[in-house]
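Take a look at the structure below.
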There are 2 protein chains.
Amino acid sequence: MTDLRINVDANRVYRELDELATFNDAEIPAVTRVLYTPVDLKARAFLKRLCADAGLTVREDPIGNLFARWAGSEPNLPAVGTGSHTDALPFAGRYDGTVGVLGGLAAIRALQTARFRPRRSIELLMFTSEEPTRFGLGCVGSRGLCGALPPDKLANLRDKEDQRLDDLRLAAGFRGDLVGVRLPANYYSAFVELHIEQGPVLERENLPIGIVTAIAAPAALRMTIEGEGGHAGAVLMPQRRDALCAAAEIILAVEAAAKATGSSDTVATTGICRVHPGAVNSVPSQVYLEIDVRDVRLEPRDQVVKAIRNAADDVSQRRGVKIAIEMFNADPPATMAASVVSAAEAACKQLGLTYKRMVSRAYHDTLFMARLCETGMIFIPCRAGVSHRPDEYAAPEAIGRGVEVLALTLARLSAD
Amino acid sequence: MTDLRINVDANRVYRELDELATFNDAEIPAVTRVLYTPVDLKARAFLKRLCADAGLTVREDPIGNLFARWAGSEPNLPAVGTGSHTDALPFAGRYDGTVGVLGGLAAIRALQTARFRPRRSIELLMFTSEEPTRFGLGCVGSRGLCGALPPDKLANLRDKEDQRLDDLRLAAGFRGDLVGVRLPANYYSAFVELHIEQGPVLERENLPIGIVTAIAAPAALRMTIEGEGGHAGAVLMPQRRDALCAAAEIILAVEAAAKATGSSDTVATTGICRVHPGAVNSVPSQVYLEIDVRDVRLEPRDQVVKAIRNAADDVSQRRGVKIAIEMFNADPPATMAASVVSAAEAACKQLGLTYKRMVSRAYHDTLFMARLCETGMIFIPCRAGVSHRPDEYAAPEAIGRGVEVLALTLARLSAD
C-alpha cells in the first residue's frame, strides 16, 4: 500500500465541475439545482456518462440515489463507499457536494491508472437531495439508505406545491418499490466523503486537509405566527397584532440566544421568512419562519432551542399573536470511526501533507451513513470559508490534494 | 330634487357582489384579482354585461380604465363621475372597491327607475388597478387619467417578472395610444366614490354614513439590505452580517416610529419582506422590504420617514450591511370639494340618515381624481373595520343605504 503512487488530473476534475455547473437553473456563477427538476436529471445523465467511461457499473435506487461500482477482487465482501451530492440550494455555488462526487470518481480513476486492484469493491455514491430545498428536510437520500426515513415517510414527503415525493420520483422516471431504498447492514464496510470545509479554519491555518472526527448536531424549527391582518392605512397602531413585527422580535431572539450560550461553536439562523399576504398596504397576518440551530455538543444547542421557545411564548403573550412551533429535525451528532480517521491520516502522511483533526459544523450525508457503517470525512479549504453562495470557490490544487488523500484512503479501506 | 324618491334593490347589488367574487384566483371567501390576469378580464366582462343591461354606453381606455355612460339632457357638459376598482390584493375580501363599482351602477339604475333625467351625463368608472399588487404602485389607472403618470412612465411600469405594462395591456387586448389615457380637464365636473370605511369608526359609533373631507397622505419606501450569506452551520456568529437580522431591527423601528409621533393617526407598516436566498441552512444575504407610512397630516408622516431612515443608517453601520432606500411614492393628501361634501350631506338629510365627516386613512383613486375635478367620498361601515382580508364584510343594508346616498348625491351634482 505504501508504495502505491497515484497521479490525479486536477484540471480534468476542474473542467468536469465546470461542466456540471452548466446544468443549472440560475446564472453562473450562481448554481440552483433542485431534486427531480430537468437540470437535476441532466446533471445525473452527465455523471452517469462519466461513470460509464470509467468502466463503473451504474444503478439508481427508487428515489434516485446513484451507485457506480468498481468491482473488487472479492466482490461479495461489503464494499467501500465514497461520494456526496450534486443538488444545490437556490443561488448557491459549484463546489458544495460536487467536489465529493466528481472528486470521488477522480480518485477511482487515479487508482485505476495506478493499476491498483481493490479487494473490496469501491463504490461511488451520489445522494438524492442532501439540501433541504425541495422537502424542507436535508439528507433525504441518506436518511432513506439508513432507514431513518422508512418507505411510507419517504413517499409522503411534500414540497411547497404539496406534491408527494412518491409522485415526483415516478414522474422523474425513478421506478421500483420504496422498500428497496434501505441498504442492508453489511452493504458497506466503510464510507468516506470528500467535501469543501464550508468554514474558514483550513484556509486561515494554511492547511491542505482536514480530517473530520465528528459532525455537529443540527436542530431545525418551523414556526407559524398568526396575527391579524387589515388595511395598512386604516388599522391604527394600538389595534394591531402584526405577525411580521412579532416575527422580527423572534428573529432577533434567535440571534441573541446563539450568542449567549458561551460556546463559540453555537450558531442559530432564521433562513426562511415568508409573509402573508405580502402586500405593501396590508398588515401582515401570518409569517412562516424556519430556524436552524447547531452546535457540536447537544447541550448548548438545546439551550438555544429552549431560549427560542421562551421568546416565542413571550412574544405571543405580549403581542396577542398565536405561535405554533414544530421541531422538524433534531438529529444527534455523529462520531467518525477511528479506522477511517487513521486511514485518512496515513494517506496524508504518505503524501507529505499536513492536516488537522476537526469537527464539521455543516450537515452531511455521512451523518446518516454513520448509522450503516464506519465513516469518515476529508475536508479541503475553500476561499474565505464561503459556501452556499455564488462566490464559493475551491482551487484546483486544493481539490487535487483532496482527491489524492481520498484515493489512498479508499485504497487502504478496500484492502482491509 | 327634494321630491326624488329612490328605491335601491340592495339584495340585487349583493348578489352581483357575490357573482363578481367568483372571478377570483383564491378560494372564496378570499379574493385575489390582479390586473390583466384571466380573472380580471372575466370580472370586466361581467361588469360590461351589467352596464349594457342598464343601457349605458361602455368604453375602455388603452390601459383598461372602464367608462359606462348614462347620457344627460346636456351631453356636452362635463359629466359627473362615480366608481371605484374591482382588483383585489392577494387573499383580500370582496367589498373593497367593488361596492363603489356595483354600488355606483345600482345608484344609476335606481335613478333610472325613479325616472330621474340627469342634466349632465352620469358616468360609472372602474379604475384599472387601484391596488399595488402588480406594479408596486397603487392607483395606476387614476394616476394615468390625471396625468400623474405620463404615457412613457405608464408604458414602462414593470411587474415582478419584469414585464412592462405596455406589453401586458396589449396582450390583454387593450389597444390604442397611451397618450389617450389622460382625461381632458373639463371631462368631469365632479367625481364621487362610494367605499367601505376600512376602519372601525362608523361601526363603533353606529353611523350608517361617513362623508370624507380629506384623504391621508401615504408614503412608501423600498429598502434593500445587503449582508453576507454563507452556510448556516459553518459561519460563526461573530463573523455574520445577516441581512434578515438587520431587517428585523428595521421592521421594529418602523413600528416604534409610528407609535412615537404623538399623533394617533400615524400608521407605519412593513408589508413585504422577501429573503434571499431563502433556505433554512443559508444565512440570509439580502432582504427586500416595502414600508408604508401614512398620516392625515404631512408633518408626522415625514417624521416617521425620517426616523426610519435614521434607523436604517444605524443598523447599516452597526451590522456592516449595505442598505439602499428608495421613496417610491409620497403623494400629498387631498382635500374633498365643499360642493360634493354638501351634496352628500343634503342626500343624507333627505334620507334621514345620520352621518359624520371623517378623514380617509386608506388610499383611493379619488386622491388622483381630485387633480381633475371636484371630488368627494361616501363611506359605509364594514364589520370590525376589517379590510384586505377574507373576512372583510359589509351588510346588504349598509350597502343599500350607501347606494341611496350616492344616488341622491349624483342627482344633485348632475343637475348642477
Item to check | Across the identical copies, how the B:ALA324 labels are spaced - nm, sorted shortest first, 7 Å along Cα→Cβ | outcome: 3.8
Checklist outcome for this item: Chain A to chain B by rotation: the residue of A with the beta carbon nearest the axis and the rounded distance in Å are A:ALA248, 2
Checklist entry - Size of the dipole of the protein assembly as shown about the Cα centre, Lys and Arg at +1 and Asp and Glu at -1 on the beta carbon, nothing else charged, in debye to 20? => result 240 debye
Checklist outcome for this item: Per GNM of chain B with C-alpha springs under 10 angstrom, the most fluctuating residue out of B:ARG301, B:ARG318, B:ARG134 is B:ARG318
Item to check | Label-zone membership for segment A:170-195, site A:ARG59, 7 angstrom Cα→C-beta point, backbone N under 18 Å | outcome: A:174-190
Item to check | Radius of gyration and Dmax over the Cα atoms of segment A:316-411, both given in Å | outcome: 18.9, 64
Checklist entry - Cα atoms only, segment A:104-240: Rg and Dmax in Å? => result 22.5, 78
Checklist entry - Taking B:LYS160 as the anchor, which lysines have their alpha carbon closer than 25 Å to its alpha carbon, excluding any fewer than eight residues away along the same chain? => result A:LYS160, B:LYS42, B:LYS322
Checklist outcome for this item: Karplus ³J(HN,Hα) for segment B:51-62 (6.51 cos²θ - 1.76 cosθ + 1.60, θ = phi - 60°; Hz, whole; x = Gly/Pro) runs 5, 5, 4, 8, x, 8, 8, 9, 9, 10, 8, x
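Which net charge results for the neighbourhood of B:SER414, defined as the other residues with beta-carbon distances under 11 angstrom from its beta-carbon, given Lys and Arg at +1 and Asp and Glu at -1? Before the final figure, lay out the partial values.
On the way: positive: B:ARG117, B:ARG119, B:ARG120, B:ARG412; negative: B:GLU74, B:GLU123, B:ASP416.
Net of charged neighbours comes to +1.
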Checklist outcome for this item: The long-range amide H neighbours of B:GLY230, using H built 1.01 Å from N in the peptide plane and a cut-off of under 5 Å, are B:VAL283
Checklist entry - Reported to two decimal places, what Rg/Rh ratio describes segment B:1-90 when computed on Cα atoms with Rh from the Kirkwood expression? => result 1.02
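If the limit is 23 Å between Cα atoms, which of A:LYS259/A:LYS306; B:LYS48/B:LYS153; B:LYS259/B:LYS306 go over it? Mind dumping the intermediate values first?
On the way: A:LYS259/A:LYS306 14 Å; B:LYS48/B:LYS153 28 Å; B:LYS259/B:LYS306 14 Å.
Distance filter (> 23 Å) returns B:LYS48/B:LYS153.
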Next on the checklist: In chain B, if the dipole is taken from +1 on Lys/Arg beta carbons and -1 on Asp/Glu beta carbons about the Cα centre, which of B:THR266, B:LEU170, B:GLY83 is farthest to the positive end?
Outcome noted: B:GLY83
Next on the checklist: Give me the tail of P(r) for segment B:39-81 as a percent: Cα-Cα pairs with distance above 16 Å.
Outcome noted: 43 percent
Checklist entry - Convex hull over the Cα atoms of segment A:252-365, averaged projected area in nm²? => result 10.4 nm²
Item to check | Options A:ALA247, A:ALA106, A:GLY93, ranked by Cα towards positive dipole end of the protein assembly as shown, top entry (Cβ charges) | outcome: A:ALA106
Checklist outcome for this item: Label model pair B:ASP313, A:GLU397: point-to-point distance (7 angstrom along the Cα→beta-carbon line) in nm is 4.7 nm
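How big is the dipole moment of chain A about its Cα centre under a simple scheme where the beta carbon of each Lys and Arg is +1, that of each Asp and Glu is -1, and everything else is neutral? Debye, nearest 20, please. Walk me through the numbers before you get to the answer.
On the way: 48 positive and 51 negative charges, 106 e Å.
In total the dipole reaches around 500 debye.
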Checklist outcome for this item: Karplus ³J(HN,Hα) for segment A:347-364 (6.51 cos²θ - 1.76 cosθ + 1.60, θ = phi - 60°; Hz, whole; x = Gly/Pro) runs 4, 4, 4, 4, 8, x, 9, 6, 7, 9, 6, 8, 9, 9, 8, 8, 7, 9
Checklist entry - Dipole of segment A:217-330 (Lys/Arg Cβ +1, Asp/Glu Cβ -1, origin at the Cα centre): which of A:MET237, A:ILE225, A:ILE308 lies farthest to the positive side? => result A:MET237
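For segment A:16-114, which GluC sites (Glu not before Pro) pass both filters: DSSP loop (anything but H, G, I, E, B) and at most 16 other C-beta atoms within 10 Å?
Loop-located and lightly packed - A:GLU27.
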Checklist entry - Points 7 angstrom from Cα along the Cβ direction at A:ALA415 and A:MET327: gap in nanometres? => result 4.6 nm
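Based on DSSP H runs of at least 4 residues, each adding -39500 (n - 2.57), what is the mean residue ellipticity at 222 nm of chain B after dividing by all its residues, to the nearest 500 deg cm²/dmol? Mind dumping the intermediate values first?
Values: 12 runs with 143 residues, N = 416.
About -10500 deg cm²/dmol.
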Checklist entry - Where the Cα atoms of the protein assembly as shown are projected onto their three principal axes, how long is each span, largest first, in whole Å? => result 111, 49, 44
Checklist outcome for this item: For chain B, the longest principal axis of the Cα atoms and the Cα long axis of helix B:98-113 enclose an angle in degrees, to the nearest 10, of 0 degrees
Item to check | Label-to-label distance, nm, for residues given as A:GLU19 and A:ARG357 (7 Å Cα→Cβ offset) | outcome: 4.0 nm
Next on the checklist: Taking A:ARG175 in one copy and the same position in all the others, each labelled 7 Å out along Cα→Cβ, what are the pairwise distances from the first, in nm, shortest first?
Outcome noted: 5.4
Checklist entry - Short version: ³J(HN,Hα) in whole Hz for each residue of segment B:275-291, in order, from phi by Karplus 6.51 cos²θ - 1.76 cosθ + 1.60 (θ = phi - 60°), x for Gly and Pro, what are they? => result 10, 10, x, x, 10, 5, 10, 10, 5, x, 9, 8, 10, 10, 10, 10, 10
Checklist entry - Over segment B:58-143, how many percent of alpha carbon pairs lie in each 10 Å bin up to the one with the longest distance? => result 18, 43, 28, 10, 1
Item to check | At R0 = 51 Å, FRET efficiency that the Cβ-Cβ distance of B:GLN163 and B:ALA260 yields, to 0.05 | outcome: 0.80
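For segment A:180-292, what D do you get in µm² per second when you plug the Kirkwood radius from alpha-carbon pairs into Stokes-Einstein at 37 °C and 0.692 mPa s?
Translational D for this selection: 179 µm²/s.
Taking each residue in A:249-262, count the Cβ atoms of any other chain within 10 Å of its Cβ, then average. What number comes out?
Numbers: counts 3, 1, 10, 6, 1, 4, 6, 2, 0, 3, 3, 1, 1, 0.
Per-residue shielding by partner chains comes out at 3.
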Next on the checklist: For A:ASN186, place a label point 7 Å from Cα along the Cα-to-Cβ direction in every copy; what are the distances to the other copies, in nm, shortest first?
Outcome noted: 10.1
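Starting from the Kirkwood Rh over alpha-carbon pairs, what translational D in µm² s⁻¹ does chain B have by Stokes-Einstein at 4 °C and 1.567 mPa s? Intermediate results must be reported in sequence, preceding the final value.
Values: Rh = 22.4 Å.
Here the translational diffusion coefficient equals 58 µm²/s.
The numbers here are math on the coordinates, done by the rules we state, and not lab data. Predicted model only: the values in this text are computed from it and were never measured. Cβ sites come from the backbone with ideal geometry, for glycine too, and all protein chains shown count toward neighbours.
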